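Worksheet: the structure to be examined is printed underneath.
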Amino acid sequence: MTIREAKLSDIPQIQIVRNAVKENTLSDPNLVTDKDCEEFLFERGKGWVCEINDQVVGFSIVDLQENNIWALFLHPDFENQGIGRLLHDIMLNWYFEQTKEKVWLGTSPNTRAETFYRKSGWKEIGKHGKEIKFEMTYNQWTNK
């Protein structure tokens, strides 16, 4: 297993993972284009992938412009192996090295993602559309 910064050539496999998830699915897979991925990975922020046997099995992307976790997804076949935790922690460590601004994310209620974020120290601050809006501050992250 390797976790590394995402490359442009990873986008097709990132899309496969994104569209394979069972929770927080896209109503239309065409809503997130390869161009969107490229913009968030290389212009707005940064991303990481987890690779096993040359296959991307998970990824995370943070957006510095909106101070937002844009994506953290695992292929369902690779859940419960600690990969999400590694991607999450690498992403937040990098984010808070860039800025001390709080970061937020939205996730669907009653999902494994909601439980994951609560256990990771994220604080619920309201709603973002139909999703739960969570926030993490620099102090919460560095003092955990």
With of a type outside the set (A, V, I, L, M, F, W, C) and surrounded by fewer than 21 Cβ atoms within 10 Å (Cβ to Cβ) as the only criterion, which of 82, 58 stands out? 82
With the requirement that a residue be at pLDDT below 90, closer than 24 Å to residue 112 by Cα and part of a loop (DSSP other than H, G, I, E, B), what does the range 1-49 give you? 21, 22, 23, 24, 25, 26, 27, 28, 32
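Residue-by-condition table, conditions (1) among the basic types (Lys, Arg); (2) open to solvent by 60 Å² or more (accessible area, probe 1.4 Å):
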| residue | (1), (2) |
| --- | --- |
| 3 | no, no |
| 6 | no, no |
| 10 | no, no |
| 14 | no, no |
| 19 | no, yes |
| 22 | yes, yes |
| 32 | no, no |
| 37 | no, no |
| 41 | no, no |
Pair list, Cβ under 6 Å, 6 or more apart: the range 122-144 residue β-branched (Val, Ile, Thr), other residue surrounded by fewer than 14 Cβ atoms within 10 Å (Cβ to Cβ): 132/109; 132/124
Quick one: which strands (runs of 3 or more DSSP E) sit completely within the range 50-144 and have at least 3 residues that are under 23 Å from residue 19 (Cβ atoms)? 55-63, 68-74, 103-107
Could you tell me which of the residues 92, 87 is free of Cβ contacts under 8 Å to residues at least 60 places away in the same chain, buried (at least 16 other Cβ atoms within 10 Å of the Cβ) and either under 24 Å from residue 4 (Cα atoms) or of a type in the set (Val, Ile, Thr) (or both)? 92
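Yes/no matrix, rows are residues, columns are (1) under 20 Å from residue 75 (Cα atoms); (2) surrounded by fewer than 14 Cβ atoms within 10 Å (Cβ to Cβ); (3) not aromatic (Phe, Trp, Tyr):
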| site | (1), (2), (3) |
| --- | --- |
| 110 | yes, yes, yes |
| 113 | yes, no, yes |
| 116 | yes, no, no |
| 122 | no, no, no |
| 134 | no, no, no |
| 141 | no, no, no |
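The values are calculated or read from the model by the stated rules, or taken from the named source; none is laboratory data. For clarity, every value in this text was computed on a predicted model and none was experimentally measured. Counting neighbours? That spans all protein chains shown, and the Cβs are built from the backbone with ideal geometry, glycine included. The accessibility values were calculated without ligands, DNA or RNA, using every heavy atom of the protein model including side chains. Shrake-Rupley method; radii C 1.70, N 1.55, O 1.52, S 1.80 Å.
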